[in-house]
1. In whole percent, how big is the carbon plus sulfur part of the accessible area of region 280-319, probe 1.4 Å, protein atoms only?
2. For region 1-62 and region 500-538, write down the distance between their C-alpha centroids in whole Å.
3. List, in the order given, every pair from 152/298; 390/567; 348/567; 230/299; 288/449 whose Cα-Cα distance in the structure shown is over 25 Å.
4. Tell me, what ³J(HN,Hα) does each residue in region 513-518 have, in order and in whole Hz, if you take phi through Karplus 6.51 cos²θ - 1.76 cosθ + 1.60 with θ = phi - 60° and put x for Gly and Pro?
5. Under a point spin-label approximation (7 Å from Cα along Cα-to-Cβ), what is the residue 332-residue 573 distance to one decimal in nm?
6. Could you look at region 11-66 and say what percent of its accessible area is carbon and sulfur, using a 1.4 Å probe and all protein chains?
7. Stretched out fully, how many nm does the piece from residue 226 to residue 271 gain, at 0.36 nm a residue minus the Cα gap?
8. Provide 396, 439 ordered by accessible surface of protein heavy atoms (probe 1.4 Å), highest first.
Amino acid sequence: MAAGSTIQIPSRLPLLLTHEGVLLPGSTMRTSVDSPRNMQLVRSRLLKGTSLRSTIIGVIPNTSDPTSDCDDLPSLHRIGTAALAVQVVGSNWPKPHYTLLVTGLCRFQILQLLKEKPYPVAEVEQLDRLEQFTNQHKSEEELGELSEQFYKYAVQLVEMLDMSVPAVAKLRRLLDNLPREALPDILTSIIRTSNQEKLQILDAVRLEERFKMTIPLLVRQIEGLKLLQKTRKPKQDDDKRVVAIRPNRRINHIPSTTEDEEEEDDHDDVVMLEKKIRTSSMSEQALKVCLKEIKRLKKMPQSMPEYALTRNYLELMVELPWNKSTKDRLEIRSARILLDNDHYAMEKLKKRVLEYLAVRQLKNNLKGPILCFVGPPGVGKTSVGRSIAKTLGREFHRIALGGVCDQSDIRGHRRTYVGSMPGRIINGLKTVGVNNPVFLLDEVDKLGKSLQGDPAAALLEVLDPEQNHSFTDHYLNVAFDLSQVLFIATANTTATIPPALLDRMEIIQVPGYTQEEKIEIAHRHLIPKQLEQHGLTPQQIQIPQVTTLDIITRYTREAGVRSLDRKLGAICRAVAVKVAEGQHKETKPDRAEVPEGEDCKEHVTEDAKPESISDTADLALPPEMPILIDFHALKDILGPPMYEMEVT
Ligand code: ADP
């Protein structure tokens with residue numbers, strides 16, 4: 001535990017016995033010295049000493065009342081804090097005493113008491129590492145999660161304070177700059193803690209234990225602050241009174257000013273908002289809450305931060321599609337045609353999707369398992385989801401769950417938080433503006449887990465047809481009916497899907513494609529789509545199947561078709577430049593050509609291999625149409641092949 005190559009405190013330390021306050025490493029304390037022993041220590045050690053060493057003392061907390069320590073030395077707490085005496089101020093009034101300013105350096109434990117008089121001196125063992133703060137700290141990695149947790153709470157706490165106060169802003173910066181291992185001590189001395197608690201932290205010699213003990217203290221402080229924010233309401237009343245008095249005064253003395261008008265405008269807005277609330281189709285429970293909130297809003301001064309919060313909340317409540325839905329138009333025959341049109345192959349998946357839709361049509365409800373498409377990237381999982389929405393005539397919204405590890409991402413933050421907002425489900429509903437969209441829960445296998453709750457548990461509630469008709473987002477704080485939403489999930493693997501979630505879903509495997517299937521997909525779907533996106537026509541560009549095969553085998557290595565799609569996009573871009581360039585030259589034939597960027601590269605390589613992409617650039621004529629993409633053109637546009645052709 002003792003320091004290695006780090007800074008060492010002296011092995012013998014004079015001891016200052018304090019009876020009020022506990023000094024922790026990293027913090028500074030002012031302490032009054034008036035007992036004979038401590039006075040002696042100050043006089044003969046601190047005031048006489050000349051070296052820096054002589055200003056280092058051991059502070060032993062919690063010694064019994066100093067009046068009784070004149071004779072025998074009281075029993076000493078075994079662990080203390082080595083400290084630097086930064087300032088000594090003496091006074092004779094009301095009796096001779098010193099005031100000491102001490103900064104804690106590190107913990108030590110008393111090994112042996114060497115002398116008791118005139119002041120105690122002990123042989124000590126250093127317990128904490130004492131390093132320069134610029135050093136990188138290994139312990140950060142060692143404690144990883146615990147220190148991360150601690151840090152998050154610390155940040156949350158500091159951010160609840162008024163950041164415009166310079167000391168708070170500085171503290172926020174310090175959280176990032178100080179080594180994590182120093183934080184428990186420092187924060188314990190800052191937040192409201194009893195001496196007994198501080199003593200416990202001092203006694204927690206193991207860093208891990210210290211982190212563990214301090215986290216509840218932080219949480220307690222955070223909860224306290226939240227409560228305080230809530231109970232600030234009586235103060236608002238005071239503000240209200242001020243506001244209430246002001247308009248009267250104005251009426252009496254001053255004619256209406258622009259400020260008045262502004263206020264009036266705002267008042268109008270609130271009235272409008274209230275009207276919207278009353279005419280909206282929100283649930284009874286929601287209406288009740290909203291009316292209560294609007295009542296509060298009317299009485300609130302606009303300068304109050306809560307004013308904006310409440311207003312945003314009410315505006316969201318009005319905007320939410322409580323009762324707005326699109327009409328389903330499900331016709332299995334046309335659904336089959338649509339799915340077939342949009343997707344090549346995937347027979348099994350399409351069959352299952354049609355069955356699912358057929359059952360839905362007959363039963364007319366959504367109870368049943370959630371479909372989950374599992375397969376490698378780029379095999380069309382998302383795109384099938386989109387097609388399902390299209391066949392049903394519903395809105396489509398994708399919720400990316402990759403990396404989500406906080407349940408408030410799903411369920412929202414309570415409104416007491418600064419910057420609180422609804423979760424992704426409610427946000428999605430607001431975006432689509434109807435209550436029966438198709439929600440694609442993308443990458444459910446990449447859900448994380450953290451201290452902020454398990455997002456999978458929140459998702460379970462969302463997906464459970466027995467519960468989701470009254471889903472309560474923390475931000476809304478009233479139930480919203482999700483039973484009309486059609487959920488579909490996607491994942492790359494089932495191995496990492498939380499078991500409880502997996503249980504709710506019907507897994508449909510979407511395997512990768514064979515080369516032949518990829519060629520078909522490319523020619524039926526990807527190439528036409530890319531041509532359209534780049535404003536090209538089949539009369540301008542031709543990609544023969546052998547070229548597609550070359551792209552598949554030599555430029556991509558994937559189960560799906562995403563890279564293939566990207567490469568086709570790159571080809572279309574290059575050809576679009578050629579075509580546009582040709583048109584440009586056609587209209588201005590005499591202008592000297594200054595090739596730039598990508599074009600420049602093409603010009604250079606074209607000299608070497610000109611036949612495929614036509615060599616008309618120099619002739620200032622449009623290239624010969626259609627531009628045929630052969631292997632040489634491919635090499636020119638995409639660079640040399642990345643993979644050698646496999647021998648099959
Ligand atoms: P995933 O969600 O599985 O990662 P995407 O749905 O994003 O994959 O698909 C990537 C691209 O490939 C989309 O443009 C999609 O239209 C296309 N695609 C994939 N499979 C097929 C298929 N069988 N037929 C037509 N297009 C497909």
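The values are calculated or read from the model by the stated rules, or taken from the named source; none is laboratory data. Note that the structure is predicted; figures quoted are calculated from it, not measured. Here the Cβ positions follow ideal geometry from the backbone for every residue, glycine too, while neighbour counts run over all protein chains shown. Ligands, DNA and RNA are stripped out before the accessible areas are found, and what is left, the full protein with its side chains, is counted by its heavy atoms. Shrake-Rupley method; radii C 1.70, N 1.55, O 1.52, S 1.80 Å.
1. Values: 1180 of 2160 Å².
Using a 1.4 Å probe with all protein chains present, region 280-319 comes out at 54 percent carbon and sulfur.
2. With region 1-62 and region 500-538 each reduced to a Cα centre, they are spaced 73 Å.
3. Details: 152/298 36 Å; 390/567 27 Å; 348/567 28 Å; 230/299 16 Å; 288/449 35 Å.
In this structure, 152/298; 390/567; 348/567; 288/449 exceed 25 Å between Cα atoms.
4. 9, 7, 4, 4, 5, 4
5. Rounded to a tenth, the inter-label distance reads 4.5 nm.
6. Answer for region 11-66 is 47 percent, counting heavy atoms of protein chains only.
7. Full extension from residue 226 to residue 271 adds 13.2 nm.
8. 396, 439
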